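**Student:** Structure below; questions to follow.
The values are calculated or read from the model by the stated rules, or taken from the named source; none is laboratory data. Every value quoted in this text rests on a predicted model; they were computed, and no experiment measured them. All Cβ positions, even for glycine, are placed from backbone atoms using ideal geometry, and neighbour counts span all protein chains on display. We work out accessible area using only protein heavy atoms, side chains counted, and drop any ligands, DNA or RNA first. Shrake-Rupley method; radii C 1.70, N 1.55, O 1.52, S 1.80 Å.
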Amino acid sequence: MKLIIAKNYETLSELAAGIVLEKMMKDKRVNLSLTAGNSPKGMYDILINRLKDTSFDTSSIYYYNFDEVPIEGERYGLTMGALREIFYVPAAIATENIQELTIENYETFDEKISHDGGLDLVVMGLGSDGHFCANMPNYTSFDKEVFSVEMGPGHELWEELYEMLGKKPGNKMVTYGPKTIMKAKHLLLIVNGKSKADIVKKVIQGPVTESIPATILMTHPNITVILDEEAAQYL
């Protein structure tokens, strides 16, 4: 593990953007799996500006969402909708370069990733309960590849999503499982804010346990963790 502690969120965002840009500029096909959420917003602002200010061939860069929750009556689910808003649309990412994980194709998505050459970089945030992607405590097994979680009205996860979204989620969510993530060539975990300091300590210092799913990430042979000082305060 390479651990980097940044002075603040702005520095964290610059460092993360630099890692993503380095991958983008490889002279080969590059497969990136990017995260939504609050932590990467600064990184995306930087990436959007850099892509506007530089000229290089982006046709061989492909993007993969690593989880999805359908939303009733909407074309895009929770993750794709967020990624389109904060990065894909403002960065003018070509539709044909977006490889969408859905509830319709998740059962063959591991095979697709392998056929495409594997994931070069997965950028993730960290949930306050220790989840990564949609690998939630009590719903995740370390031996899973891409998998689904059935839910619906009355189910704990469905009700939490409904309250958060103000819209009805679908009755199934899909996510890369730990085995899928661990096969990626490089992982980048970015975490900011004092509210994440306690879970950061548990994830980094272990032990590895399915009750805190992100602890498995620390066993990856090529993971970079970037924290701001607030998130790192208990290390």
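**Student:** So which lysines can Lys202 reach, going by Cα to Cα under 26 Å and dropping same-chain residues fewer than 8 places off?
**Tutor:** Lys2, Lys7, Lys41, Lys144, Lys179, Lys183, Lys185, Lys194
**Student:** If you don't mind, another one. Enumerate the amide H contacts of Gly170 below 5 Å, restricted to partners 5 or more residues apart or on another chain; note that Pro and chain-start residues carry no placed amide H.
**Tutor:** When sequence neighbours closer than 5 places are left aside, the close amide H contacts are Ile71, Glu72.
**Student:** Over region 78-120, what portion of Cα pair distances is larger than 15 Å, expressed as a whole percent?
**Tutor:** 52 percent
**Student:** Sticking with this structure for a sec: At 0.36 nm per residue, and after removing the present C-alpha to C-alpha distance, how many nm does the segment from Asn38 to Thr58 gain when stretched out fully?
**Tutor:** Gain on extension, Asn38 to Thr58, equals 4.7 nm.
**Student:** Which trypsin sites (Lys or Arg not before Pro) in region 20-104 pass both tests, a DSSP loop state and at most 12 other beta-carbon atoms within 10 Å?
**Tutor:** Here the sparse-neighbourhood loop sites are Lys26, Lys28, Arg29, Arg75.
**Student:** With n ≥ 4 as the cut-off for DSSP H runs, can you work out [θ] at 222 nm for the chain, using -39500 (n - 2.57) per run divided by the number of residues, rounded to the nearest 500?
**Tutor:** It comes out at -8000 deg cm²/dmol, rounded to the nearest 500.
**Student:** Please arrange Asp120, Asp27 by accessible surface area, largest first, computed with a 1.4 Å probe and ligands excluded.
**Tutor:** Asp27, Asp120
**Student:** If you don't mind, another one. Among Leu187, Leu83, Leu101, which one moves the most in a GNM of the chain with springs linking Cα atoms closer than 10 Å?
**Tutor:** Leu83
**Student:** Please compute the Kirkwood hydrodynamic radius over region 1-124, one decimal place, Å, based on all pairs of different Cα atoms.
**Tutor:** Across region 1-124, the inverse of the average 1/r is 15.4 Å.
**Student:** Continuing with the same structure: Between region 124-178 and region 1-56, what is the C-alpha centre distance in whole Å?
**Tutor:** 25 Å
**Student:** Based on a Kirkwood Rh over C-alpha pairs, give the Stokes-Einstein translational diffusion coefficient of region 63-171 at 4 °C and viscosity 1.567 mPa s in µm²/s.
**Tutor:** Values: Rh = 15.2 Å.
In µm²/s, the coefficient is 85.
**Student:** Moving to a separate point now. Do any GluC sites (Glu not before Pro) in region 101-204 lie in a loop, going by DSSP, with at most 15 other beta-carbon atoms within 10 Å of their beta carbon, and if so which?
**Tutor:** Values: sites: Glu104, Glu107, Glu111, Glu145, Glu150, Glu156, Glu159, Glu160, Glu163; in loops: Glu104, Glu145.
Listed in order of number, the matching sites are Glu104.
**Student:** Still on this structure, I have one more. Write down, largest first, the equivalent ellipsoid semi-axes of region 126-235 in whole Å, where each equals the square root of 5 times an eigenvalue of the alpha-carbon gyration tensor.
**Tutor:** Value: 25, 18, 11 Å, ordered largest first.
**Student:** Taking the Cβ of Ile86 as the centre, find all other residues whose Cβ is under 13 Å away and add up their charges (Lys, Arg: +1; Asp, Glu: -1).
**Tutor:** Details: positive: Lys41, Arg84; negative: Asp45, Glu85.
Net charge around Ile86: 0.
**Student:** Please report the net charge: other residues with Cβ closer than 15 Å to the Cβ of Gly118, K and R +1, D and E -1.
**Tutor:** Values: positive: Lys23, Lys26, Lys28, Arg29, Lys112, Lys179, Lys183, Lys185; negative: Asp110, Glu111, Asp116, Asp120, Glu145.
So the surrounding residues net to +3.
**Student:** Please list, by residue number, every one of the chymotrypsin sites (Phe, Trp or Tyr not before Pro) in region 118-199 that is coil in DSSP and has at most 12 other beta-carbon atoms within 10 Å.
**Tutor:** Values: sites: Phe132, Tyr139, Phe142, Phe147, Trp158, Tyr162, Tyr176; in loops: Tyr139, Phe142, Tyr176.
Passing sites in region 118-199 do not exist.
**Student:** Have a look at Asn49, Asn31, Asn171 and tell me which one the Gaussian network model of the chain (Cα, springs below 10 Å) gives the largest fluctuation.
**Tutor:** Asn49
**Student:** How many times 2.2 N^0.38 Å is the alpha carbon radius of gyration of the chain?
**Tutor:** Compared with the compact-globule rule of thumb, the chain sits at 0.97.
**Student:** Also, I was wondering about something else. What is the antiparallel percent of DSSP beta bridges lying wholly in the chain, to the nearest 5? Let's see the in-between values first.
**Tutor:** Working: 9 of 31 bridges.
About 30 percent, rounded to the nearest 5.
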